[in-house]
1. Could you list, in sequence order, the residues of the stretch 189-214 that are outside any helix (DSSP H, G or I), of a type in the set (A, V, I, L, M, F, W, C) and within 16 Å of ALA123 (Cβ to Cβ)?
2. Here are some conditions: (1) surrounded by fewer than 18 Cβ atoms within 10 Å (Cβ to Cβ); (2) modelled with pLDDT of 95 or more. GLY90 meets all but one. Which one does it not meet?
3. Only one of LEU128, LEU91, LEU45 is over 25 Å from GLY17 (Cα atoms), part of a loop (DSSP other than H, G, I, E, B) and in the same structural domain as LEU197 (by TED's automatic domain parsing); which?
4. Only one of (1) at pLDDT 95 or above; (2) aliphatic (A, V, I, L, M); (3) part of a loop (DSSP other than H, G, I, E, B) is not met by VAL186, so which one is it?
5. Determine, yes or no, whether ASP25 is loosely packed, with under 14 Cβ neighbours inside 10 Å and either in the same structural domain as ALA118 (by TED's automatic domain parsing) or under 21 Å from ALA118 (Cβ atoms) (or both).
6. Considering each residue of the stretch 131-160, count those that are assigned to a strand (DSSP E or B), surrounded by 13 or more Cβ atoms within 10 Å (Cβ to Cβ) and not aliphatic (A, V, I, L, M), and give that number.
7. Kindly list the number of the only condition in (1) of a type in the set (A, V, I, L, M, F, W, C); (2) more than 26 Å from LEU207 (Cβ to Cβ); (3) crowded, with 16+ Cβ neighbours inside 10 Å that fails for PHE127.
Amino acid sequence: MSARVLGFITARGGSKGIPRKNLADLAGRPLISYTVDAALKSRALDRVFLSTEDAEIVEVCRALGLHSPYVRPASLAADDSRVIDCVLHGLDWLEAEQGYVPDAVALLQPTCPLRLAADIDAAVAAFLKSGSRSLVTVHELAEHPFECLRTSGRTWGFLARPEKPVHRRQDYGTERFYFINGAVYVNSTEFLRSQGLFVREAETELLVMPRERGLDVDTPLDLALCECLLRAKGSD
């Protein structure tokens with residue numbers, strides 16, 4: 001029997017950086033629609049579940065083909081609410097109300113609109129093949145840590161240093177640096193319940209994906225960049 005993987009979309013109504021961010025216009029469509037479309041097209045997901053407290057988001061997703069009778073409690077939709085708590089509450093509801101317990105959960109945040117169904121499928125496949133309890137997508141850093149600084153008071157230092165002095169980026173060596181982009185997290189249900197987190201250092205599997213598809217929308221500039229990438233793709 002194949003593993004049952006639940007696609008879990010978290011989408012609260014409020015936000016700070018961009019008002020009503022999950023419904024913000026992106027190339028003529030609500031931001032969340034890109035994630036809903038990718039999830040529904042994925043061949044690796046057994047079901048797709050929406051976690052929101054917002055009636056308008058529910059209606060937008062219903063029009064896209066994603067129906068959800070679940071309503072997230074307002075206490076889990078505040079600025080300081082943790083995503084893990086939202087996921088665990090949704091899993092409890094699914095088990096209590098529908099008797100459904102997935103083997104694993106693929107967390108899909110609407111703020112990564114350029115992620116494809118193929119990225120979801122690749123993440124789930126890599127997760128199942130690895131035998132790990134958790135996996136997260138990453139992309140290679142554009143800013144190399146050897147050129148980044150950290151400050152403390154009036155002093156500063158390099159974020160990381162090469163083993164020996166070098167003068168060209170191509171001489172930095174074979175060490176690679178990646179950024180957790182959050183496009184896809186895949187975790188066993190047991191891992192989520194026992195650990196209460198999505199990523200454990202040195203244990204979670206990493207799946208490298210193209211940087212442009214892992215772009216996370218947090219500011220109006222991010223939204224504009226996504227729109228540019230979408231329009232450039234459409235003109236290819």
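1. If we filter the stretch 189-214 for residues that are outside any helix (DSSP H, G or I), which is where we start, we get 196-210.
Next, from what is left, pick out any that are of a type in the set (A, V, I, L, M, F, W, C): 197-199, 202, 206-209.
Those that are outside any helix (DSSP H, G or I), of a type in the set (A, V, I, L, M, F, W, C) and within 16 Å of ALA123 (Cβ to Cβ): PHE198, VAL199, LEU206, LEU207, VAL208, MET209.
2. (1)
3. On the way: LEU128 fails: part of a loop (DSSP other than H, G, I, E, B); LEU91 fails: part of a loop (DSSP other than H, G, I, E, B).
Just a single option satisfies the conditions, and that option is LEU45.
4. (3)
5. Details: loosely packed, with under 14 Cβ neighbours inside 10 Å: yes; either in the same structural domain as ALA118 (by TED's automatic domain parsing) or under 21 Å from ALA118 (Cβ atoms) (or both): yes.
Taking the combined requirement at face value, the residue satisfies it.
6. Summing the residues that are assigned to a strand (DSSP E or B), surrounded by 13 or more Cβ atoms within 10 Å (Cβ to Cβ) and not aliphatic (A, V, I, L, M) in the stretch 131-160 gives 4.
7. (2)
The values are calculated or read from the model by the stated rules, or taken from the named source; none is laboratory data. Everything numeric here is computed off the predicted structure, so don't read it as measured data. Positions of Cβ are generated from backbone atoms using ideal geometry, with glycine treated the same way; all protein chains shown enter the neighbour counts.
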